[in-house]
Amino acid sequence: MMETATTVAIVIFVAAYALIISEKVHRTIVGLFGAMLMILFGILDQETAVHHVDFNTIGLLMGMMIIVNITSETGLFNFLAIWAAQKVKAQPIALLVVLSSITMVCSALLDNVTTVLLTVPITFSITSQLKVDVMPYLISQILASNIGGTATLIGDPPNIMIGSAVGLDFMDFVANLTLISVLIFVLVQIILIFLYKKGMHTQPELQEKIMRLPAGAQITDHTLLRKCLAVIALTITLFVLHGSLGLESATVALFGAGLLLLITATRDENMITKVLSKIEWPAIFFFGGLFILVGALVETGVIRMLAAEAIKVTNGNEDATAMLILWMSAIASAFIDNIPFVATLIPLIQDMGQMGLSDLTPMWWSLALGACLGGNGTLIGASANVVVASMAAQRGRPISFLSFMKVAFPVMIFTIIVSNVYVYLRYL
C-alpha cells in the first residue's frame with residue numbers, strides 16, 4: 001500500500017512539474033489541483049496537508065505585500081526610481097548593477113521576499129521611462145535576492161532553520177557566508193553585463209528627460225509617507241530582533257501590515273479594498289499548493305529516501321559528503337521548495353555525526369550554500385522567484401519558465417562551482 005502511495009505521489013508531482021514547465025496551464029491552477037489530487041488519492045489527509053503549508057512564509061508574503069501596496073500610494077517608489085537613475089546618469093547597464101546591488105544588500109539584512117516586493121515596482125517604473133527591456137533587470141534582481149539571502153542568518157529560511165538546529169548565530173553566518181556571497185554576486189553581475197550589454201540601450205533624450213525630472217515632486221502624499229516610513233522602520237527593527245523576541249517573521253510582517261492599515265485606512269474603505277486587491281493572490285495560492293505537493297513527497301518518504309541513498313554513496317568520507325550535500329541540495333532546491341528539503345537533511349546530517357563523522361562544519365555550510373543558491377536555478381526554486389514572476393505577470397510582462405531557466409540555471413551551476421572551491425579550500 002505504501003509503495004502504491006509513493007508511486008502515485010511521484011506521478012502527480014512529476015505531472016504537475018511538467019505542466020508548470022510547459023506553461024500550458026497557469027502555475028497556480030496546477031499547484032492547487034495537484035495538491036487536491038494528493039488529498040483525493042489519500043496520499044495525505046487534509047489535516048496533514050494543511051500542516052505542510054508553511055504559513056510563516058505565506059503570512060510574511062501577505063504582510064509585506066500590504067505594507068508595500070500602501071507605501072506605493074505615496075509615490076515613494078517613483079522617487080526612488082528617478083533618484084537611482086539620476087545617480088548613474090540613467091545609463092541602463094549601470095542602473096542594472098545599482099538596482100541589483102540594492103537588492104542584494106537588502107536581502108541580506110531583511111529577507112529576499114520582502115526585498116523584491118520593494119524593488120520590482122521601482123524597476124518597472126524606471127525601465128518604462130527609459131524604454132528599456134525590464135526582463136534583464138528582473139532576472140538580475142531574482143539572482144541577487146537569493147545570493148543576498150545566502151549571506152546572513154535572516155536572509156533566507158534555510159539559513160534560519162540551520163542556525164536554529166545547530167545553534168549558529170548571526171555572526172557565525174556573517175563570518176562564514178557573507179564574503180563568499182559578495183564574491184559570487186560580483187561574478188554573477190559580470191556575467192549578466194556580458195550577456196545583456198548589447199541589447200540594453202536607451203535614447204539620449206530619454207536619459208536627459210530623466211535627469212531633468214524633479215525627484216522630490218514624485219512624492220504625492222507626505223503625511224501618508226511619514227506614517228509608512230515609521231511603520232517600515234518599526235517592522236525592520238522587529239525583523240532584526242525577531243529571534244531574540246521569540247517572534248516569527250510572519251508575525252512581524254502581519255503586525256506591521258495591521259498597524260499601517262489601522263493608522264491609514266480605517267476611515268477609507270476604498271483604500272482597504274484597493275490594497276487587498278493588489279495582493280499577489282496567484283503567488284499566495286501557488287505556494288499553498290506547492291507546499292502540499294512537496295509535503296506528499298515528505299510523507300511518503302521520497303525525499304528522505306533520496307537524501308539517505310545519496311549520502312550512502314560517499315561511504316562516510318567527509319570531503320565527498322560535503323561536496324555531495326552542496327550539489328544535491330543545489331539541484332534539489334532548484335526544482336522543489338528548499339524548506340522541506342533542508343528540514344529533511346538537517347536530522348540526517350546530525351545522524352552522520354553520531355555515526356562517526358568528527359567535523360560536521362563543512363556539511364552545514366555546504367547545505368546553506370546549496371539550498372540558498374540552488375533556488376536561482378528555476379523560476380519556482382525560491383519564494384522570491386515566484387513573487388517576482390507573479391508581479392511581472394500582473395504588469396503584463398510574464399517571465400517564461402524556460403527563458404528564465406536558460407539564463408539562471410547555468411549561472412546557478414557556476415555559483416555552486418565557486419562555492420565548491422570555497423568549501424574545499426576553507427573547510428576540507
Could you work out, for region 133-271, what percent of all Cα-Cα pairs fall into each 10 Å distance bin, beginning at 0 Å and stopping at the bin that holds the largest distance? 9, 23, 26, 28, 12, 1
For the chain, set up a Gaussian network in which alpha carbons nearer than 10 Å are linked by springs, and say which option among ALA330, ALA230, ALA283 fluctuates the most. ALA230
Once amide H atoms are built 1.01 Å from N in the peptide plane, which residues 5 or more positions from ILE43, or in another chain, come under 5 Å H to H? none
If we sort 10-22, 126-138 on the protection proxy, mean other Cβ atoms within 10 Å, highest first, what's the order? 126-138, 10-22
Alpha-carbon gyration tensor eigenvalues x 5, square-rooted, for region 41-121, Å: 36, 15, 10
Taking the inverse of the average 1/r across all pairs of different Cα atoms in region 240-296, what Kirkwood radius in Å do you get? 13.8
Taking only the C-alpha atoms, wrap a convex hull around the chain and report its volume per residue in Å³ as a whole number. 142
Pairs of Cα atoms farther than 20 Å apart, region 1-157, %: 63
Using the Cα atoms of region 323-428, I'd like the radius of gyration and the largest Cα-Cα distance, Dmax, both in angstrom. 15.5, 55
In degrees rounded to 10, the 0-90 angle between helix 222-245 Cα long axis and the longest Cα principal axis of the chain is 20
Not counting ligands, DNA or RNA, and with a 1.4 Å probe, what is LEU179's accessible surface area in Å² rounded to the nearest 10? 140
Provide the packing ranking of 251-263, 45-57, i.e. peptides ordered by the mean count of other C-beta atoms within 10 Å per residue, highest first. 251-263, 45-57
Between helix 112-130 and the chain: long-axis angle, C-alpha atoms, 0 to 90°, nearest 10: 40
Theoretical gain in end-to-end length, ALA94 to LEU259 [0.36 nm per residue, Cα-Cα removed]: 55.7 nm
After finding the eigenvalues of the alpha carbon gyration tensor for region 13-82, what semi-axes result from the square roots of 5 times each, listed largest first in whole Å? 35, 18, 8
Can you tell me, using C-alpha contacts under 8 Å and at least 6 residues apart, the relative contact order of region 307-428 as a whole percent? 30
Over the alpha carbons of region 206-332, what is the largest minus smallest coordinate on each principal axis, giving the biggest first in Å? 64, 41, 33
Arranged from highest to lowest average of other beta-carbon atoms within 10 Å per residue, in what order do the peptides 195-206, 383-394 appear? 383-394, 195-206
With the other protein chains left in place, how much accessible area per residue, in square angstrom, belongs to region 68-220 at a 1.4 angstrom probe? 38
Suppose a student asked you for the relative contact order of the chain, using Cα pairs under 8 Å spaced at least 6 residues apart; what percent would you report? 24
Hey, if you put +1 on the Cβ of every Lys and Arg and -1 on every Asp and Glu Cβ in region 271-344, which of ILE272, ILE331, THR314 ends up farthest toward the positive end of that dipole? ILE272
First check a/c for region 295-376, with a ≥ b ≥ c the square roots of the eigenvalues of its C-alpha gyration tensor; if it is under 1.5, answer rounded, and if not, answer prolate when a/b is larger than b/c or oblate otherwise. oblate
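The values are calculated or read from the model by the stated rules, or taken from the named source; none is laboratory data. Everything numeric in this text was worked out from a predicted model, so none of it was measured. Cβ sites come from the backbone with ideal geometry, for glycine too, and all protein chains shown count toward neighbours. Surface accessibility is based on the protein's heavy atoms, side chains included, excluding ligands, DNA and RNA. Shrake-Rupley method; radii C 1.70, N 1.55, O 1.52, S 1.80 Å.
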